[in-house]
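All remarks here apply to the structure that follows.
The values are calculated or read from the model by the stated rules, or taken from the named source; none is laboratory data. Keep in mind the model is a prediction, meaning the values are calculated, not measured. Cβ coordinates were reconstructed from backbone atoms using ideal geometry, including for glycine residues, and neighbour counts include every protein chain displayed. Surface accessibility is based on the protein's heavy atoms, side chains included, excluding ligands, DNA and RNA. Shrake-Rupley method; radii C 1.70, N 1.55, O 1.52, S 1.80 Å.
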Amino acid sequence: MDSLQSLQQQLIQQMDAYQPCKNQPEITALTAKIQLEQNLLAWLKAQQDYPQFYLHCRADSPNEQENHIATIGQVRTFTTVNHAQTFVRRADFTLVGGMTFNGECDFYLPRLLLRQVDGELTATLFIDSQKDLSVEKQLAGKCLKNFTKSVALEPVVQSVQLVEKKATQAQWCEWVEQALLEIKKGSFTKVVLANESIFSSRQPINAIDFLAESEKKNTGCYHFFFAQKADCAFIGSSPERLYLRNGQDLQTEALAGTAVMSDDEEQNQRQGEWLLKDEKNEYENMLVVEDICGNIESFTQNIEVQSVELKRLRLVQHLRRKIFAKLTALAADEACLNAIHPTAAVAGLPKQNALRFLAKTETFERSWYAGTLGFMNRARAEFCVTLRSAFVEQNRIRVFAGAGIVAGSVPLLEWQEIERKASGLLSLLQNSGEHICQ
Ligand SMILES: C=C(O[C@H]1C=CC=C(C(=O)O)[C@@H]1O)C(=O)O
Ligand SMILES: [Mg+2]
């Protein structure tokens, strides 16, 4: 019978039989495959090695395959996209990781990578042939120790109390007024301001259970989990694709402009129709189109911007324009990541002026919020924009949300927008209503 045990055995056999030969490639990949539908979050919950990474890619249509990856451990790390891409071109293995909002890179070749596609589970164990073989085998063996284990995912029952919002409603309104003043002066046409809200809970919150809950409720999203160590995880469920590269085919998108979604289908329809016609939201979205197209122009051909559509989520709906292009022969992920991230859906336009304004206005570090996480190999790369995200740090959770400010933005409405975006995650926890301090 196909099971995690048989997959583990296949990997152990390959590892035992492995002997480096002459002209050994720098990395050896041991791979085994079985027919098994395994929940990778439940598997990850039982693993002890770090870093841990999980990505459940967004499927846009029923004929697109659901694609989940989970990784543990680390064999090689890359702190620039250039180094990551050079490695992928040379060795053709899958790197995971991404870039923070400010562009700090953290890409790596994991020790163990699990991929679940369409009922098939593939495990790949990486051995660094340039390092001491017995040490490598020992490290690989350690990663395989809990391989057959998984821990049941449980509902998150903790209630949380608000500790602090980095901008109170009044401060937020001031930030937006300042942004509108800069827009009037011509410093930029758009800036995406954000807020960080800190909550505490009596018992530690299990970040994997929390993400599993979000995966169930916040459908139509990318779901991600990234933890360097046991007591701090970055998680989220984001509707936004940074880009997908299939060979030389590039798919990206402008996702910006927001209205309310609720349980009332008639209201959702009305909100959707309003959103499609609203000038401010249309402008907010078109500036992202302008930004992305301008940034990819020099290394792509045949840029095609699709007509506007609605991307419906559980609590909000957005305007979206998908963008397709063909990469010129040489261009790959280094060009895409550096040119596209951060888009005007999370930073602003012109980018540098907007970034300067954010650096002097926001009173918190965005870190991985509004950054990008994903994977890349020679054939394919996929990255999401890490929105609707939070750091889960035992008894503390820090949630982030932002909104695009353009001419016509109303501070209080933008406040309602960010609060609603943050509630995509927060509504999964019970709010005790207690407010510790502010
Ligand atoms: C910056 C965020 O959302 C972006 C993505 C979609 C809609 C947006 C908006 O309408 O403002 C934002 O540009 C966030 O969720 O933190
Ligand atoms: Mg908006």
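How high is the relative contact order of region 93-232, in percent, with contacts defined as C-alpha pairs under 8 Å that are six or more residues apart?
Relative contact order, region 93-232: 18 percent.
Which whole-number percent is the relative contact order of region 327-435 (Cα, under 8 Å, 6+ apart)?
After rounding, I find 17 percent.
Using a Cα distance threshold of under 28 Å, what count of lysine pairs results for region 189-335 when pairs must be 8 or more residues apart or interchain?
Within region 189-335, the lysine pair count is 17.
At q = 0.15, 0.18, 0.20, 0.22 Å⁻¹, what base-10 log of I(q)/I(0) does the Debye formula yield for region 265-307 when every alpha carbon is treated as an equal point scatterer in vacuo?
The Cα Debye sum returns log10 ratios of -0.52, -0.64, -0.71, -0.77.
For the full complex of protein chains and a 1.4 angstrom probe, list Arg241, Arg420, Arg378 by accessible area with the highest value first.
Largest to smallest exposure gives the sequence Arg378, Arg420, Arg241.
For the chain, set up a GNM with springs between Cα atoms under 10 Å and report which of Ala259, Ala354, Ala17 has the largest fluctuation.
Greatest mean-square fluctuation among the candidates belongs to Ala17.
For the chain, what does the relative contact order come out to in percent, with C-alpha contacts under 8 Å and a separation of six or more?
For the chain, the relative contact order is 22 percent.
Which angle from 0 to 90°, rounded to the nearest 10, does the C-alpha axis of helix 133-144 make with the longest principal axis of the chain?
60
According to a simple spin-label model (label point 7 Å from Cα along Cα-to-Cβ), what is the distance in nm between Gln430 and Ala329?
Those two pseudo-labels are separated by 6.3 nm.
For region 37-101, what class follows from the C-alpha gyration tensor (a ≥ b ≥ c being the square roots of its eigenvalues): rounded when a/c is under 1.5, otherwise prolate if a/b is larger than b/c, else oblate?
Here region 37-101 falls in the oblate category.
Please give the per residue volume of the convex hull enclosing the alpha carbon atoms of the chain, rounded to a whole number of Å³.
144
If you plug each phi of region 44-58 into the Karplus form 6.51 cos²θ - 1.76 cosθ + 1.60 with θ = phi - 60°, what whole-Hz ³J(HN,Hα) values come out, in order, with x for Gly and Pro?
Per residue, the Karplus-derived 3J(HN,Hα) values read 4, 4, 9, 8, 10, 8, 10, x, 10, 9, 9, 9, 10, 6, 5 Hz.
As I understand it, the value is the acute angle between the Cα axis of helix 265-277 and the longest principal axis of the Cα atoms of the chain; what does it come to in degrees, rounded to 10?
70
Given the rule -39500 (n - 2.57) for each run of at least 4 DSSP H residues, summed and divided by the residues of the chain, what is its mean residue ellipticity at 222 nm, to the nearest 500 deg cm²/dmol?
Taking each H run of at least 4 residues, the total per residue is -10000 deg cm²/dmol.
Which parts of region 234-271 would a label at Asp60 reach, counting a residue when its backbone N lies under 15 Å from a point 7 Å out along Cα-to-Cβ?
Output list for this probe position: 239-256.
List the aspartates and glutamates whose alpha-carbon lies under 17 Å from that of Lys149, not counting same-chain residues fewer than 8 positions away?
Answer for Lys149, where 17 Å is the Cα cut-off: Asp2, Glu37, Asp49, Asp209, listed by chain and number.
Per residue of region 160-173, what does 6.51 cos²θ - 1.76 cosθ + 1.60 with θ = phi - 60° give for ³J(HN,Hα)? Whole Hz please, x for Gly and Pro, Karplus curve as stated.
Here the 3J(HN,Hα) series is 10, 10, 5, 9, 6, 10, 4, 10, 6, 4, 5, 5, 4, 4 Hz.
Per 10 Å bin, what percent of the C-alpha pairs of region 237-312 does each bin hold, from zero upward?
16, 43, 28, 11, 1
Comparing Leu330, Leu373, Leu162, which has the greatest mean-square fluctuation in the GNM of the chain with Cα pairs linked when under 10 Å apart?
Judging by the Gaussian network model, the answer is Leu330.
Exposed loop GluC sites (Glu not before Pro) only (DSSP loop, at most 11 other Cβ atoms within 10 Å): please give the longest stretch of the chain free of them, not including the sites.
The longest uninterrupted stretch comes out as 65-438.
Assuming 1.306 mPa s and 10 °C, estimate D for region 286-346 with Stokes-Einstein, Rh taken as the Kirkwood radius over Cα pairs, in µm²/s.
126
Would you kindly state how much longer the chain becomes between Lys131 and Ala17 on full extension, computed as 0.36 nm times their sequence separation minus their alpha carbon distance, in nm to one decimal?
39.3 nm
Roughly what angle does helix 81-91 make with the longest principal axis of the chain, taking Cα atoms, 0 to 90 degrees, to the nearest 10?
With both axes taken from Cα atoms, the answer is about 30 degrees.
From the Cα gyration tensor of region 115-220, with a ≥ b ≥ c the square roots of its eigenvalues, which class applies: rounded if a/c is under 1.5, or else prolate if a/b is larger than b/c, or else oblate?
Because a/c hits 1.5 or more and a/b exceeds b/c, region 115-220 counts as prolate.
So if we plug the beta-carbon distance of Glu174 and Thr122 into 1/(1 + (r/R0)^6) with R0 = 60 Å, what FRET efficiency do we get, rounded to 0.05?
0.70
Within the set of other residues whose C-beta is less than 10 Å from the C-beta of Pro342, count the net charge using Lys and Arg as +1 and Asp and Glu as -1.
Neighbourhood net charge equals +1.
Taking R0 as 25 Å, what's the FRET efficiency between Lys33 and Ala230 from their Cβ-Cβ distance, rounded to 0.05?
It comes to 0.25.
Which FRET efficiency, nearest 0.05, do Leu413 and Asp2 yield, Cβ-Cβ r, R0 51 Å?
0.45
Out of residues 5 or more away from Ser129 or on other chains, whose amide H comes under 5 Å of its own, with H placed 1.01 Å from N in the peptide plane?
Residues meeting the criterion, in which the H sits 1.01 Å from N, are Ile27, Thr28.
Along Cα→Cβ, 7 Å out, is where each label goes; now give me the distance between the ones at Arg89 and Asn102 in nm to one decimal.
Here the modelled spin labels are 2.9 nm apart.
Would you mind checking which residues have amide H under 5 Å from Ser389's amide H? H placed 1.01 Å from N; only 5 or more apart, or other chain.
Excluding prolines and chain starts, which carry no amide H, the hits are Phe400.
What does the net charge come to around Lys326 if you take all other residues with beta carbon closer than 10 Å to its beta carbon, with K and R at +1 and D and E at -1?
Around Lys326, the charge tally is -2.
Could you identify which residue out of Val392, Val289, Val156 has the top mean-square fluctuation in a GNM of the chain using Cα springs shorter than 10 Å?
Sorting by GNM fluctuation, first place goes to Val156.
Karplus couplings for region 187-196 from phi (6.51 cos²θ - 1.76 cosθ + 1.60, θ = phi - 60°), rounded to Hz, Gly and Pro as x?
The phi angles translate into 5, 7, 9, 8, 9, 9, 7, 9, 9, 10 Hz.
Shape verdict for region 192-284, please, from the Cα gyration tensor: rounded (a/c under 1.5), prolate (a/b greater than b/c) or oblate.
Oblate shape, in that a/c is at least 1.5 and b/c is the bigger or equal ratio.
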